[in-house]
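To keep things clear, I will list the structure first and then write my remarks on it.
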Amino acid sequence: MLGVVALLIPLGMIVVSSLLRPSVPEPNKRATYESGEVPTGTTKIRFNIQYYMVALLFVVFDVETVLIFPWAVMYRGALEEGVPLSQALGPMLLFIGILVIGLVWAWRQGAVSWVESPRAERKGREVR
Amino acid sequence: MTPTFTPLQNDAVLLPERLVDLLGLGEFGVAGEVVAAFLGAFLVANLMMAMTGVAGPWAKRKITAAFTDRIAVNRVGPFGLLIIVADAVRLLSKELIIPDGVDRPAWDLAPILIASTALLGFAVIPMGSGIHLADPEVGLVFVFAVASMTSVGLVMAGYASNNKYSFLGGMRAVAQNLAYEIPLIVVAVSVVIFAGTLQMSEIVAAQAEPLLVIAGVTIPAWYAFVNPFAFVLFVAANMMEIGRNPFDTPEAPTEIVAGYQTEYSSVYFVLVFLGEFLHIFLGGAIIATLFLGGPAGPVLPGIVWFLIKIWAVFLFTQWLRSALPRFRIDQLIEVGWKGLLVLSFANLILTAIIVGVIA
């Protein structure tokens with residue numbers, strides 16, 4: 001129900017606003033904002049690969065957090081029912097350990113540090 | 001050897017059921033329940049909208065002004081409070097400028113998505129005084145799922161605007177969300193280990209037990225006291241989630257104008273703005289529920305304590321906004337992946353071991 005209300009409120013605001021607001025069409029007004037300059041080039045450009053690298057890493061860890069949740073819910077109850085610690089905690093430690101090894105590998109590969117484009121690197125060298 | 005563990009069944013009365021009793025809607029059967037659910041949702045949504053209304057145009061200005069030794073709004077109404085009404089009318093009655101080359105359906109949908117997903121998260125938050133809309137067993141996961149849907153809206157807004165600043169802002173929003181999401185959830189898991197359930201009401205109930213008594217004052221077992229390390233981590237990750245200073249790189253007014261919301265005007269801007277502030281309060285509500293005992297507190301009724309707690313979180317975000325410089329995007333990625341992630345895993349393992357030893 002909150003979902004319906006959460007949709008109705010924005011839509012209602014849009015309707016109210018459409019009744020209130022003026023509309024004075026003018027071609028220059030619609031120009032894409034670029035700090036007051038005439039826009040140059042298109043927006044559909046190539047962008048930094050880094051955003052993809054991080055996303056790939058994210059997919060791995062996101063799935064893994066899903067797998068941790070059921071364990072976390074069970075954990076305390078299981079211990080109270082007398083499951084030995086090694087059996088309740090051991091496998092999860094191993095699981096997280098493997099993940100941490102993966103993270104260390106990605107870290108050393110430089111996946112989590114920001115890659116500079118060759119041009120920016122050249123520029124940086126000149127400055128230095 | 002498989003342990004059977006059933007979480008305690010919760011028999012607390014939720015807000016829609018209360019409304020059914022209160023208004024005598026029970027005799028109308030399903031229709032009555034639907035009306036009650038709608039009324040309840042409407043109440044909660046408007047309560048949160050009111051909070052946002054006070055926070056956005058008024059409290060934020062006043063707080064920032066106090067930090068920078070200014071007076072801020074004081075002309076319209078007492079303490080300038082009527083500026084809220086004035087701003088609402090002003091923004092809603094502005095012309096909606098649709099820039100060239102925007103991706104029409106996506107550009108229109110993004111503000112609605114940002115605002116409504118932020119609002120949706122409050123469905124499972126127990127606000128005290130019986131204000132609690134729904135209490136599914138997976139409440140915690142639901143909150144995180146809904147809160148992360150906002151990032152989709154941000155990307156849509158950034159990509160569809162056909163503006164370079166918006167595009168950069170959208171990309172930064174994704175990178176940032178990816179960096180915070182895992183630490184946030186892993187820290188939340190360490191709370192789940194203590195509580196043994198994902199149900200919000202159970203998590204709050206688990207924090208009601210006394211932790212220790214100092215000089216006659218009973219300190220409840222709020223997870224902020226039980227596990228302060230996790231609390232600090234969660235607050236930091238939450239700052240990233242809601243995109244406030246020092247992690248407001250997706251907006252970064254001094255770098256990329258306004259990020260993903262550069263091309264939005266009129267009511268669409270209101271919706272994006274509203275979504276952001278709702279998100280701050282949703283973050284505050286999650287912090288309050290997970291770490292600060294939800295609506296628990298002495299003397300005052302639950303809802304008042306709940307509001308005090310979420311406003312405290314809001315004040316904290318505004319304090320940081322005035323006090324800290326912004327992280328650069330590459331620094332932010334490193335903080336997320338190298339700092340927060342490692343610390344949150346350390347926290348998880350430590351919590352598991354401590355719980356294992358004392359249990």
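Okay, here's what the table says:
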{"quantity": "³J(HN,Hα), Karplus 6.51/-1.76/1.60, whole Hz, each residue of the stretch A:5-13, x for Gly, Pro", "calculated": "4, 5, 7, 5, 4, x, 5, x, 5"}
{"quantity": "Diffusion coefficient, µm² s⁻¹, Stokes-Einstein with Kirkwood Rh over alpha-carbon pairs of the stretch B:43-173 at 37 °C and 0.692 mPa s", "calculated": "188 µm²/s"}
{"quantity": "222 nm mean residue ellipticity, helices alone, for chain B (DSSP H n ≥ 4; -39,500 (n - 2.57); rounded to 500)", "calculated": "-20500 deg cm²/dmol"}
{"quantity": "Scattering profile of chain B at q = 0.10 Å⁻¹ [log10 I(q)/I(0), Debye over alpha-carbon scatterers]", "calculated": "-0.67"}
{"quantity": "Inter-chain shielding of B:88-101 (mean C-beta neighbours from other protein chains, 10 Å cut-off)", "calculated": "5"}
{"quantity": "Cut-off 9 Å between beta-carbons: net charge of the residues surrounding B:Ile83, Lys and Arg +1, Asp and Glu -1", "calculated": "+1"}
{"quantity": "Burial ranking of peptide ranges B:317-323, B:153-159 (average Cβ count within 10 Å, highest at the top)", "calculated": "B:153-159, B:317-323"}
{"quantity": "Gyration tensor (alpha-carbon) shape descriptor, the protein assembly as shown, a/c threshold 1.5", "calculated": "oblate"}
{"quantity": "Long-range Cα-Cα pairs in the stretch B:97-169 (distance over 20 Å), rounded percent", "calculated": "42 percent"}
{"quantity": "Pair-distance profile P(r), taking every C-alpha pair of the stretch B:261-359, with 5 angstrom steps and integer %", "calculated": "3, 10, 11, 12, 18, 18, 14, 8, 4, 1, 1, 0"}
{"quantity": "Of B:Lys60/B:Lys338; B:Lys62/B:Lys338; B:Lys62/B:Lys309, those spanning more than 27 Å from alpha-carbon to alpha-carbon", "calculated": "B:Lys60/B:Lys338; B:Lys62/B:Lys338"}
{"quantity": "Distance histogram for the stretch A:50-115 (every C-alpha pair counted, 10 angstrom bins, percent rounded to whole numbers)", "calculated": "19, 40, 24, 14, 3"}
{"quantity": "Gain upon complete extension [B:Val34, B:Ile354; 0.36 nm per residue less C-alpha separation]", "calculated": "110.7 nm"}
{"quantity": "Size-normalised alpha-carbon gyration radius of the stretch B:34-120, reference 2.2 N^0.38 Å", "calculated": "1.41"}
{"quantity": "Rule-of-thumb Rg ratio for the stretch B:219-282 [Cα; 2.2 N^0.38 Å; N residues]", "calculated": "1.47"}
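A short reminder: the numbers here are calculations on the coordinates, not readings from a lab. Computed from a predicted model, the values in this text were never measured in an experiment. Don't worry about glycine lacking a Cβ; one is built from the backbone with ideal geometry, like all the others, and counts go over all protein chains shown.
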